[in-house]
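Peer 1: Just passing along the structure, written as structure tokens.
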Amino acid sequence: MITLTEEQYQLIQQYTELVRTVNEAFTYVVTSFDDLSYTEGDTVLSDIFTALQQLSGANSQLTILFKDLDAVNESIMQFSQVVEGVDKLDSVWGNVEARQQFIRETLAPAYTSWSERVLHILQPYAVA
């Protein structure tokens, strides 16, 4: 285990919290496809895209911080699969049904799978 500064510890805590928040947001968005009482699906989806950009930016900081820990870096770098999913979403964006299906069946599961791995790896570093 590496020794962290207070700033590094806060970065990891904020990162893991954002990862969890995006998981909740995906759940909301997917639910909004079928439950019309979830009226903020489009807004939340936009927020997800913003959060994914923030996670991507933080990934470079984390790979530097954990440069000697291959397991951490491998988990962080697997985020590229989520980014690829976002890129593919552009191709179906104009078709509401195809967009919803892609988010439900591809993008949200890819994010959930990645987030579970990265949270498992980072959890020991996020606890004081």
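Peer 1: Given a 1.4 angstrom probe, I'd like the percentage of the accessible area of the chain that is carbon and sulfur, rounded to a whole number.
Peer 2: 50 percent
Peer 1: Under the rule a/c < 1.5 gives rounded, and otherwise a/b versus b/c splits prolate from oblate, where does region 44-99 land using the Cα gyration tensor?
Peer 2: Prolate shape, in that a/c is at least 1.5 and a/b is the bigger ratio.
Peer 1: Also: From the helices alone, meaning DSSP H stretches of at least four residues, give me the mean residue ellipticity at 222 nm for the chain, per-run term -39500 (n - 2.57), in deg cm²/dmol to the nearest 500.
Peer 2: Helix contribution divided over all residues of the chain: -25000 deg cm²/dmol.
Peer 1: Consider a paramagnetic label point 7 Å from the Cα of E40 along Cα→Cβ; state which residues of region 7-30 have an amide N under 17 Å from it.
Peer 2: 18, 20-30
Peer 1: Continuing with this model, one more query. Once phi is turned into ³J(HN,Hα) by the Karplus curve 6.51 cos²θ - 1.76 cosθ + 1.60 with θ = phi - 60°, what whole-Hz value does each residue of region 104-110 show in order, with x for glycine and proline?
Peer 2: So the Karplus estimates, Gly and Pro as x, are 5, 9, 10, 5, 4, x, 4 Hz.
Peer 1: Continuing with this model, one more query. Skip the ligands, DNA and RNA, and give the accessible area per residue of region 46-100 with a 1.4 Å probe, whole Å².
Peer 2: 59 Å²
Peer 1: Using a Förster distance of 25 Å, how high is the FRET efficiency between T3 and S80, based on the Cβ-Cβ distance and rounded to 0.05?
Peer 2: About 0.30, to the nearest 0.05.
Peer 1: Same structure again: Grab the Cα-Cα distance for T27 and E97, subtract it from 0.36 nm times how many residues apart they are, and report the gain in nm with one decimal.
Peer 2: Using 0.36 nm per residue and subtracting the Cα-Cα distance, I get 23.5 nm.
Peer 1: Using Rg/Rh (Cα atoms, Kirkwood Rh) as the read-out, say which of (1) 1.01; (2) 0.96; (3) 1.24 was calculated from these coordinates.
Peer 2: Read-out taken from this structure: (1).
Peer 1: Calculate one ³J(HN,Hα) per residue across region 32-38 by plugging θ = phi - 60° into the Karplus curve 6.51 cos²θ - 1.76 cosθ + 1.60, and present them in order as whole Hz with x for glycine and proline.
Peer 2: Running phi through 6.51 cos²θ - 1.76 cosθ + 1.60 with θ = phi - 60° gives 5, 5, 10, 10, 5, 6, 8 Hz.
Peer 1: State to the nearest 20 debye the size of the charge dipole of the chain about its Cα centre, where the only charges are +1 on K and R beta carbons and -1 on D and E beta carbons.
Peer 2: In debye, rounded to 20, the chain gives about 200.
The values are calculated or read from the model by the stated rules, or taken from the named source; none is laboratory data. Since we're looking at a predicted model, the values are computed, not measured. Ideal geometry is used to build each Cβ from the backbone, glycine not excepted, and the neighbour counts take in all protein chains shown. For the accessible areas, the whole protein counts, side chains as well, though only heavy atoms, and no ligand, DNA or RNA atoms are used. Shrake-Rupley method; radii C 1.70, N 1.55, O 1.52, S 1.80 Å.
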